[in-house]
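Input: one structure, supplied below.
The values are calculated or read from the model by the stated rules, or taken from the named source; none is laboratory data. Keep in mind that what you see is a predicted model, and the values were worked out from it rather than measured. Neighbour counts run over all protein chains shown; Cβ positions are idealised from the backbone, glycine included.
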Amino acid sequence: MREFIDGAEVIARGAFAAGCNFFAGYPITPATPILLRMLRELPKVNGVGIQAEDEIASIGMCIGAAMTGAKAMTATSGPGLSLYSENIGMAMMGQVPLVIVDVMRLGPATGGATTVSQGDVQFLRWGTSGGFPVIALCPSSLADCFTLTQRAFNLAERFRTPVFIATDKEMMSAQQSVDTDTFEKIEIVNRVSAPSDAEFIPFHVKKLADVPAFAPIGGEHITRFTTSMHDERGMLTKLRANVNKTSRHLWQKIEAHRDELEFTQLDAQAGAPTLIVSYGITARSMLQAARNARASGKLVSTLVVQSLWPVPERALHESFRGISRIIVPELNLGQYRLEVERIAASIDPRPKVIGVNRVDGELITPEEIEGQVL
Amino acid sequence: MLKIEEITTYRNLERNRYPFCPGCSHSLVLDQLNAALVKTQLDPHNVVIVTDIGCVGMSDQYFDVNAFHGLHGRAVTYASGIKLANPDLHVIVLMGDGGTGIGGHHLLNAARRNIGITVIVFNNLNFGMTGGEHSVTTPHGASTASTRLGNLERPLDICATVAVNGASFVYRGTAFDKELPDRIVDAIQTPGFSLLDVWELCTAYYVPNNDFSKTELMQTMAMLELPSGVLQKKDYPELARAYRDQSADQRGKPILPPSFIEKKYDSALTKPTRILLAGAAGGKVKSTASALAVGGMLSGLWATQRDDYPTTVMSGYSVSEVILGRDEILFMGIEEPDILAVLTAEGLSQVPRHLSAMNESQTVYAVPELADKIETRARKIVFNWQRAAPSKKSLALTATAAMVRHANLFPLDAFREAITLGQRAEIAEENLKAVQASEGIL
């Protein structure tokens, strides 16, 4: 049965379905609708929702809460994400399960508060110091908002790392009719708990690609958290061997598990020379463009990228085979096209990569994309 | 009976020597913190030491309680999150005067909220770790690495700042105070926000740079006319507990319950129809557009709605876009409306792009006073108000009801149902009257 709702409502529902019980945020257009829903609903699950004094405190409170065992989420837009930056790095270093929703609006700086954009795509990847890998999911439908929000929590728990939901003003604020009773409820994943009968070493892993077991602050074990370079006991260290191990561990615990992190939807048409690759709100224009193009007798395939980071390289690579022309529509001046071009360069013969881009605060129309389909 | 063994120390016995410079007061204060914890006999599992950055940031490693070492200036935010999520914990923040400066905003908000954490400021009047630069508490005239000619800035009164903003317990003293362990105990046992401003000697920098000693430390406090001892004791409700008390009756209520819209009517619409309502804020444009979409859904159609209006309320334009169709709508933008309703001058100012994109097969509905100002190739139809034009509040509803009928979008009964769904009786009646007034105007 259908409802008439927006993406903010569905992200909140997805968060509750995944077991979210803590939210801290600071009002910012166009992410405020998520804040308001979480603050209103969290008392119902014995959770806590708070409006913090700024974005730094928002993510700080979430990190503190997450280390007591809470499933925490925060939501913001570009200017707020900029203020999150240092704490995003800390959440990576301290291995904090955390979901961060970025409702993209036109930047840089205050930019266009009520204007749609996909300008944070590379910022999400490289938005904190150190260059370590992040996970970012990107919904292009309300059903995706529900599934990918649950998945974001699950991945945050599984890998003990911040996971982004990259969305935008239109996805969050436009109302849409949707069959909500077909939304997919996925199995909840919880962080692995440290056994109570063994000594607890906060950052101990057997292999670099493993994720350390968790003991909450206030639980059976005395635990240690640190933002600084540390050994497996969470003690500050400058010893090369320890530093090297911690650094490579933070890299490998994501990179070695790429097969768990690739989410795409390929709609391949046999013999199509053209593939359109897109994500988020722009993927909808792409799908409409493909429908129109096919109706007029053209052959075209589409790929919706649901996991922006790490780049789903295997899925991209496979979908590029036999393709001579790749169109990448996005609401920025070619940020994800860089990734597509990088992977296209390994295909022989190398497909031509074409961007369709807008940065005027309007959506890319299906006609603009269809115009590039030969 | 279970014998509870007395805890004689909270120190990490594997690390019995602090790493601080000779004569640094940090060691003294940490010993007094340990003495205070021993007096409380708190279960170490329920104690969290949250450290900031700077020399004091190393302190948590010397205790056998839960430890959280975070970013510079943000210790109070982590402590607040920990306390909010688990109010049973005793959360103690150790930060320097550096962290107080960069994180001052968090400090005064924690005091204002009266969140039940204890903050101990290791106030040695300068940045020790980075080489003796001045901090927010460096006295006027003092020589530091960054104020070689003497500090021109005046120091922050930390205690007065948190006290005036609602802290439950505030104390100022020095690392040499005999009563410090007892005052730390008082602070830990205070349900709300507590802070101890503990003045110290930085023997690496501040002491040699200013020919400073224990005697001068006390003299500086007196010279700045800063009082010492317990400066505030209040009994405000603690935030984490107050939150739970307030939300107790919310538990178990349904979370974001669905509101399904069931098909009851039939629509003759065959093609996706893009509708734009261009009116004024305060004119119920957004809610009318919503009724248009819901009316379509009640008639089995798919719908989307986007709204655009200034950040202010009740002034300026309000433009809403609705798309109705037989299939799910992928692209939600409207470049070329099939129907555009020009309701007010504010609305008209927002739609010249759409008007010029429209063609003869499309329709502009307009209020009489703006009809001549509209330039478009689209078919133009003017509302013919029977007696008087509708009020600002009913204009959008009346005009849209007329369009629903005129363009045969879906049965008017569906629109009537949509405008009353979930509305209070008096609003529903007002809305129905506005629809009633639409008869014969097109």
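Residues to consider are B:L343, B:L355; find the one that is in contact with a helix residue (DSSP H, G or I) (Cβ under 6 Å, 6 or more places away or on another chain), away from chain A (no Cβ under 14 Å) and modelled with pLDDT of 95 or more. First the steps, then the outcome.
Working: B:L355 fails: in contact with a helix residue (DSSP H, G or I) (Cβ under 6 Å, 6 or more places away or on another chain).
Exactly one residue qualifies, and that residue is B:L343.
Out of the residues in region B:51-68 meeting the condition of being assigned to a strand (DSSP E or B) and more than 8 Å from chain A (Cβ to nearest Cβ), tell me which one is surrounded by the fewest Cβ atoms within 10 Å (Cβ to Cβ).
If we filter region B:51-68 for residues that are assigned to a strand (DSSP E or B), which is where we start, we get B:51, B:63, B:66-68.
The next check asks that each one be more than 8 Å from chain A (Cβ to nearest Cβ); those that pass are B:51, B:63.
Values: B:T51: 27, B:F63: 24.
Looking at the filtered set, the residue picked out is B:F63.
May I pose another question? Need the failing condition index for B:L277 against (1) within 12 Å of chain A (Cβ to nearest Cβ); (2) closer than 21 Å to B:T420 by Cβ, just the number.
Failed condition: (1).
What tally of residues in region B:197-252 results from selecting those that are among the charged types (D, E, K, R) and more than 14 Å from every other protein chain (Cβ to nearest Cβ)?
Pass one, region B:197-252, residues among the charged types (D, E, K, R): B:197, B:200, B:211, B:214, B:216, B:225, B:233-235, B:238, B:241, B:244-245, B:249, B:251.
Keeping just the survivors that are more than 14 Å from every other protein chain (Cβ to nearest Cβ) gives B:197, B:200, B:211, B:214, B:216, B:225, B:233-235.
The total comes to 9.
Determine which member of the set A:L363, A:L333 is touching a Gly at 6+ places or on another chain (Cβ under 8 Å), surrounded by 14 or more Cβ atoms within 10 Å (Cβ to Cβ) and outside any strand (DSSP E or B). Outline the logic, then answer.
Working: A:L333 fails: surrounded by 14 or more Cβ atoms within 10 Å (Cβ to Cβ).
Going through A:L363, A:L333 in turn, just one is touching a Gly at 6+ places or on another chain (Cβ under 8 Å), surrounded by 14 or more Cβ atoms within 10 Å (Cβ to Cβ) and outside any strand (DSSP E or B): A:L363.
Is it the case that A:I28 is more than 10 Å from chain B (Cβ to nearest Cβ) and either closer than 15 Å to A:Q150 by Cα or without any contact (Cβ under 8 Å) to a residue 24 or more places away in the chain (or both)? Before you say what the answer is, go through the steps one by one.
Numbers: more than 10 Å from chain B (Cβ to nearest Cβ): yes; either closer than 15 Å to A:Q150 by Cα or without any contact (Cβ under 8 Å) to a residue 24 or more places away in the chain (or both): no.
Judged against the criteria, A:I28 is not a match.
Still on this structure, please answer the following. Looking at (1) assigned to a helix (DSSP H, G or I); (2) facing chain A (nearest Cβ under 8 Å), can you tell me which one B:D88 breaks?
(1)
Is it the case, given these coordinates, that A:T68 is part of a loop (DSSP other than H, G, I, E, B) and of a type outside the set (D, E, K, R)?
Working: part of a loop (DSSP other than H, G, I, E, B): yes; of a type outside the set (D, E, K, R): yes.
Answer is yes for this residue.
How many residues, within region B:293-303, are touching a helix residue (DSSP H, G or I) at 6+ places or on another chain (Cβ under 7 Å), within 7 Å of another protein chain (Cβ to nearest Cβ) and either polar (S, T, N, Q) or assigned to a helix (DSSP H, G or I) (or both)?
Qualifying residue count for the region: 1.
Which residue, of B:G98, B:G128, B:G116, B:G104, is surrounded by fewer than 23 Cβ atoms within 10 Å (Cβ to Cβ), in contact (Cβ under 8 Å) with a residue 24 or more places away in the chain and among the small types (G, A, S)? Full working, then the answer.
Numbers: B:G98 fails: surrounded by fewer than 23 Cβ atoms within 10 Å (Cβ to Cβ); B:G128 fails: surrounded by fewer than 23 Cβ atoms within 10 Å (Cβ to Cβ); B:G116 fails: surrounded by fewer than 23 Cβ atoms within 10 Å (Cβ to Cβ).
Testing whether each residue is surrounded by fewer than 23 Cβ atoms within 10 Å (Cβ to Cβ), in contact (Cβ under 8 Å) with a residue 24 or more places away in the chain and among the small types (G, A, S) leaves just B:G104.
Anything in region A:211-253 that is more than 9 Å from chain B (Cβ to nearest Cβ), of a type outside the set (D, E, K, R) and within 25 Å of the chain's Cα centre (by Cα)? List them, or say none.
Passing the criteria: A:V211, A:P212, A:A213, A:F214, A:T246, A:S247, A:H249, A:L250, A:W251, A:Q252.
Looking only at helices (runs of 4 or more DSSP H) that lie completely in region B:146-260, which have at least 2 residues being closer than 30 Å to A:E41 by Cα, of a type in the set (D, E, K, R) and at pLDDT 95 or above?
B:239-247
Please pick out the residue among A:I59, A:I34 that is touching a strand residue (DSSP E or B) at 6+ places or on another chain (Cβ under 7 Å) and within 30 Å of B:V47 (Cα to Cα).
Values: A:I34 fails: within 30 Å of B:V47 (Cα to Cα).
Testing whether each residue is touching a strand residue (DSSP E or B) at 6+ places or on another chain (Cβ under 7 Å) and within 30 Å of B:V47 (Cα to Cα) leaves just A:I59.
Do you know which of the residues in region B:10-40 that are without any contact (Cβ under 8 Å) to a residue 40 or more places away in the chain and among the polar types (S, T, N, Q) is farthest from B:R183 (Cα to Cα)?
B:N16
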